[in-house]
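The values are calculated or read from the model by the stated rules, or taken from the named source; none is laboratory data. Just so it is clear, the model here is predicted, and its values are computed rather than measured.
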Amino acid sequence: MWNFNRLAVVFEWTSIQPVVDGWIARLSLSVPIIGWLIVFNDSVGGQLTFEVLGGVKSIGQVDLLRLRFIYFGLIFLGGANLLYRLFRPRLIANYHQIDHYIDRGFETHSYNSMVQLYNEVSVWNAPGYSKLELGEAWGSYDKESKKNQEAFNSHSRSSILEYSVIKERFAPLIRSVLHFNYAKQNRSRVFAKLIICILALVGYVLLLIPSFSVLTQVLTSTMKLL
């Protein structure tokens, strides 16, 4: 039985992003229509040979076979990229680096949003992250922030300034909560990431087959000349 917690460590959203959301994968989204017209149209596909492209002798159906490997490879990559965009958490889409998210979150968070995040991440436990236990530190932050919130609700002008002081005082705690939240989102939806990586792997293998075929032919021709 697969350990999805372990897979989550390997297949983080930010880790697979260069593979499934690079320029090749993005361009592959435009392949289906254009590729179908070229590869599966007999009149076009029959003419698209090395004789036309490079002025060398045509090798017949092998050219079309290579084109189909490339076409289906790009189809798989395009599917992986599309699923990546559909399933990745919004937080990961907006912040590709954890430091940017923590800095932005520290500046813009409110007490209520921090309580919500804390309730979510305090029960999360994953390999590489011991369960978040802030104990007395969170209790002190919660107590002072509630006082500040009550002052804000009573229209006390000093409440906003007071919370800025609270925020700076408990900066390590707040940043810890934000860090855990990013890690939690980054490791979410393991099964979706696994499917995406499989599609991308198949796509890249299909793209490599024509190159390997050409390399084999070149090496064979070179060895015959020696």
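Quick look at the numbers
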item	result
Test: residue in the range 66-75 that is under 15 Å from the mean Cα position of the chain (by Cα), at pLDDT 75 or above and part of a helix (DSSP H, G or I)	no
Odd one out for His96 among (1) at pLDDT 80 or above; (2) assigned to a loop (DSSP other than H, G, I, E, B); (3) over 24 Å from the mean Cα position of the chain (by Cα); (4) not hydroxyl-bearing (Ser, Thr, Tyr)	(3)
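Conditions tested, residue by residue: (1) acidic (Asp, Glu); (2) on the phi > 0 side of the Ramachandran plot; (3) at pLDDT 90 or above.
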{"residue": "Lys57", "(1), (2), (3)": "no, no, no"}
{"residue": "Asn81", "(1), (2), (3)": "no, no, yes"}
{"residue": "Pro127", "(1), (2), (3)": "no, no, no"}
{"residue": "Lys131", "(1), (2), (3)": "no, no, no"}
{"residue": "Asp142", "(1), (2), (3)": "yes, no, no"}
